[in-house]
Structures are given as structure tokens and as C-alpha cells.
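The values are calculated or read from the model by the stated rules, or taken from the named source; none is laboratory data. All values reported here derive from a predicted model rather than from experimental measurement. In this analysis, Cβ positions are derived from the backbone assuming ideal geometry, glycine residues included, and neighbour counts consider all displayed protein chains.
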Amino acid sequence: MRHLTAALLLAACTPQPGARPVPEPVIQRAHGEALGTTWNVSWVEAEGAGDAARVDATVKRVLAEVDEHMSTWRDDSELSRARRAEGPTPVSQDTALVVDAAMDLAEVSGGAFDPTVQPLMELWGFFGERRDDLPSDEEIAAVRERVGWRKVVLDRGPDGATLDVGGTALDLSAIAKGHAVDRIHNALAADGLAQVFVEVGGEVRVSGPAQQRPLWRVGVNIPDPAAAPDAFALVVSLTNGAVATSGNYRNHYEVDGKTLVHTMDPRQGRPVTTHVASATVVAPDCRTADGLATTLMVLEPDAGLALIESLPDTEAALLLFDEGQFQLRTTGGMDRHVEVVSDRIRKKSP
């Protein structure tokens, strides 16, 4: 679950010196609520495409399908049915695709990302009722027996997909919103919209024509609960690709004097304790960016940045707590995308 805001700050093209003036694009917008969060879509008008009612209907259809397939709150979702089933249960190809991606990320991250983390989220009070005491080591150990991505068996055969969760409970919330963003983006592109900004719960994917200056700029919040909702730490610029940001500062509570954050380290069975205040990832698709942003909140900064450096066409920026300010650390290629816009952020010296 995200709790950072990604805001569309600008959608405009700036011509090169001496070039013919380029008319400012006409931006259309639609917005709504779904998946327990908000969504926003902006697009540049195109001849024969971009009818607002059609865009709205496309977005709502896609989000309803993702909710029906992958919600952990609905008893009738495919994930809920798989949790109740004893053995394999049929699932849609859409669900199978996301489960497959989540399993791949679990493997490449060494289990720092684990889609079977839901029992731990329930134990620690982030799914259902908040706790008024800390769970015991025995309780944690017992729940960890029901967690582990290797227990899950996904079969994507020619006759359809089946899923056996192996006594676990799949929670795809750290990757499903990014998948929904990709599906919306691709559906609108198929309808003829080539310049689109799609955001669901802070996860973003954009597209536009190749040009020297990026078409879209996305603001990333200062990861401080005392900061104004429109106070930005960074601005990420790009024309084609996805941006996802994860952080803990808006979803936490205190028990016995200890602050519990909603990001879980499945390897330890406990909420993370980290200096990482937020993690922003730029990737070709939003499903990838979404899952990696969560992963970076679990891994130590050096390990997280090394993971991103190993992946093609993927960059990241971490904001670390640093004595009342925030230290910015980035992968090698992130500088071309990110701009610091707050005096509370300082870049780590090379």
C-alpha cells in the first residue's frame, strides 16, 4: 500500500531554440476512486480518440476487473477463493500474470519481497484491527510457518491457470496497483491515445512522443507526516515509462512505545526498521516499478541500489532520514530523471 502522492505538475513541450513554436497541448483529465484509493488520468487530445466518457469507462472497467481478481478485502475475489481452497483453484490469466511477476521479484530480491506476507500483516495489525500489545516471539514464529513464496504453485497451462497457495495467503497490493496502471495505459493506447498520464494510488505510467525535453513531470512528496500534502521533495521527469514511490510515514502506529510501520520484512516476520523514508523507482512498466519500490523499503540501501543497478532500464532514488533532513541516494542513471525541489534534501557526496 502506498501512502505517498504522485502529482502531475506539468504537461508541455518546449521547442529547441530556432525551432517553430509548438502549440501547447490540450490536456483532458478524469479522476475517481477505486481499490481503496484515488485515480487520475490526463491525456493530450488526439483526432478520433480521447472521448472523456470513453476514457472514464475504460478506467473503471479495468479497475473493477483488478479488484474482482486480486482484492484481499473481498471474499469473492480470486485471491480470497484461493486462500480458502484446499489445492489448486482456477484463476484468470490476469491474476496469474501478476502472481508470476510477484514470484519472480521474490526470487530476485532474496525474499525481501514476498507476496505471501498477508498473515504477518494481520498479526501486526495492518490488516484488520490494530493491536494494543506487541506479538510474542512464539506468535511470530507460528505465523511465519504460514508465510513463504516458495509454498505457492502457479500452473499456467494451455487449458487455463490454476493457483495453489499452499496454506499461505497471497497479498498482491504491493504490485497489483502498478499492474492496474499498466492495463489502463495499454487500453488507452489501444484506443489511439499516444500521450497519456495514468496514476492510481500514487503509481504512475506515462507515454508521449520522443523528444529532447520530457513531456511529463511527477512530484514526489516530502516523506514527513508534518509536511503539506503538496510539499514535494523531488520531481521526476520522463516521457515514456513508469514511476512508483513507497514510504511508511503515513501508515504507522505505536504500541508499547514502539512505532510499527506497515512495510513488513517477511524474512524476519516483523515491520521494517530502516533509515529509508521513501523509495522511488523509474522502470519501463508500472508493475515492475511498484514491486521494486516496496522491495527497496525492506532492503538495506546499499543492497537495494545494487539490485536496481542490476536490472535493465531501471533507476531508483532513496530518501534516507538524516538528522531532521533527508539524504538522497540514487542509482547511476537516475540523475537524468530526478530534480531536488526541497531544501530539506541533500545529495550524498560521491
Could you identify the single residue in ALA141, ALA169 that is farther than 18 Å from ASN240 by Cα and at pLDDT below 95? ALA169
Residues of region 177-200 being out of contact with any helix residue (DSSP H, G or I) (no Cβ under 8 Å at 6 or more places or on another chain), surrounded by fewer than 20 Cβ atoms within 10 Å (Cβ to Cβ) and in contact (Cβ under 8 Å) with a residue 60 or more places away in the chain, which ones? GLY192, ALA194
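Looking at ALA306, ALA242 in this structure, which one is among the small types (Gly, Ala, Ser) and either surrounded by 24 or more Cβ atoms within 10 Å (Cβ to Cβ) or outside the structural domain of GLU199 (by TED's automatic domain parsing) (or both)? Spell out the reasoning first.
Values: ALA306 fails: either surrounded by 24 or more Cβ atoms within 10 Å (Cβ to Cβ) or outside the structural domain of GLU199 (by TED's automatic domain parsing) (or both).
Result of the check over ALA306, ALA242: ALA242.
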Go through region 220-237 and report how many residues are surrounded by fewer than 22 Cβ atoms within 10 Å (Cβ to Cβ) and closer than 28 Å to THR58 by Cα. 1
Of all residues in region 145-166, which are in contact with a strand residue (DSSP E or B) (Cβ under 7 Å, 6 or more places away or on another chain), at pLDDT below 95 and within 16 Å of THR95 (Cα to Cα)? GLY160
What are the residue pairs meeting all of these: first residue in region 201-223, first residue farther than 22 Å from ALA233 by Cβ and of a type in the set (Ser, Thr, Tyr), second residue modelled with pLDDT of 90 or more and surrounded by fewer than 23 Cβ atoms within 10 Å (Cβ to Cβ), Cβ atoms under 6 Å, and 6 or more apart or on different chains? SER207/ASN240
Determine whether region 53-73 contains at least one residue that is closer than 30 Å to GLY208 by Cβ, assigned to a loop (DSSP other than H, G, I, E, B) and among the charged types (D, E, K, R). no
Residues of region 107-126 satisfying the condition of being at pLDDT below 95 and closer than 22 Å to ARG287 by Cα: VAL117, GLN118, MET121
Answer with yes or no whether LEU105 is farther than 30 Å from VAL26 by Cβ, touching a residue at least 24 places away in the same chain (Cβ under 8 Å) and not in a loop (DSSP other than H, G, I, E, B). yes
Scanning region 313-331 for residues that are at pLDDT 95 or above and small (Gly, Ala, Ser), which turns out farthest from ASN248 (Cα to Cα)? ALA316
Applying the selection to region 141-166, what residues are in contact with a helix residue (DSSP H, G or I) (Cβ under 7 Å, 6 or more places away or on another chain) and either crowded, with 19+ Cβ neighbours inside 10 Å or not basic (Lys, Arg) (or both)? VAL143, VAL147, TRP149, VAL152, LEU154, ALA161, LEU163, VAL165, GLY166
Could you go through region 265-274 and let me know if any residue there is touching a Ser or Thr at 6+ places or on another chain (Cβ under 9 Å) and under 27 Å from PHE197 (Cβ atoms). no
Could you check, for region 278-287, whether at least one of its residues is out of contact with any Lys or Arg (no Cβ under 8 Å at 6 or more places or on another chain), part of a helix (DSSP H, G or I) and surrounded by fewer than 24 Cβ atoms within 10 Å (Cβ to Cβ)? no
